[in-house]
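So the structure is just underneath, and the comments pick up after that.
The values are calculated or read from the model by the stated rules, or taken from the named source; none is laboratory data. Predicted model, so just to flag it, every value in this text is computed and none were measured. Positions of Cβ are generated from backbone atoms using ideal geometry, with glycine treated the same way; all protein chains shown enter the neighbour counts.
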Amino acid sequence: MTVPEPAIILITGIMASGKSTVAQHLAERFAKSVHLRGDVFRRMIVNGRIEMGADYSQAAYDQLLLRYGLAAAAANTYYAAGFTVIYQDVIIGPVLNEVVEMVKQSPYSPSIYLIVLCPSPEVVEQREATRSKTGYGSWTPADLDNALRSDTPRLGLWLDTSTLSVEETVDAILDQLDKAVV
């Protein structure tokens, strides 16, 4: 499918599902693009940051919504400037609907596509073991995979990337983007 440019392509999945790598490679396929890492807004908080954990508080959830709102606003701002935005973050559970609505609230009516990367928990564990950063604390890959598959609305294009390379994943996204419209 030919992607209308500019567009906003939202990529989500659990930690170590390949979001950052896939988003970067996908962004490189467009002439004018941005790789927007939603987690950067969490890391900007110097004092008072509350981490999300299995037993998160309302304050932690409020900070999560703040992060998503800031990322959606940045995505819309880049979109308005003519960029195709590849926005990636861990957005699982019912809040995915809210984030999609945050992005859609743009006065510019962006073309929005949603990609959910969902490799098996075993593959995620292998990937997590080989990365320099660690994303799992009170969660396990199986915990988050269960939340993704059981609690997340079935929006957009869901891809099991367990056996796909990064380039194969990007090709699959571009080939099936019509199934990702939200």
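Remarks
- Selected residue (only one of 107, 119 is surrounded by fewer than 21 Cβ atoms within 10 Å (Cβ to Cβ) and either touching a strand residue (DSSP E or B) at 6+ places or on another chain (Cβ under 6 Å) or part of a loop (DSSP other than H, G, I, E, B) (or both)): 107
- Residue in segment 70-92 that is aromatic (Phe, Trp, Tyr), closer than 30 Å to residue 122 by Cα and in contact with a strand residue (DSSP E or B) (Cβ under 9 Å, 6 or more places away or on another chain) present: yes
- Pairs with Cβ under 9 Å, 6+ apart, first in segment 83-111 and more than 20 Å from residue 63 (Cα to Cα), second among the β-branched types (Val, Ile, Thr) and part of a loop (DSSP other than H, G, I, E, B): 84/3; 104/182; 111/3
- Residue-level check: of (1) over 18 Å from the mean Cα position of the chain (by Cα); (2) within 23 Å of residue 145 (Cβ to Cβ), residue 47 misses just (2).
- Residue list for segment 29-43, restricted to those being assigned to a loop (DSSP other than H, G, I, E, B) and closer than 16 Å to residue 78 by Cα: 30, 31, 32, 38
- Restricting 12, 21 to residues that are in a helix (DSSP H, G or I), of a type in the set (S, T, N, Q) and within 25 Å of residue 149 (Cα to Cα) narrows the list to 21.
- Among the residues making up segment 19-51, none is closer than 16 Å to residue 158 by Cα and modelled with pLDDT under 95.
- Hey, residue 139 among the aromatic types (Phe, Trp, Tyr), surrounded by 14 or more Cβ atoms within 10 Å (Cβ to Cβ) and modelled with pLDDT of 95 or more or not: no
- The set of residues in segment 162-182 that are over 23 Å from residue 97 (Cα atoms) and either in a loop (DSSP other than H, G, I, E, B) or at pLDDT below 95 (or both) comprises 162, 163, 164, 165.
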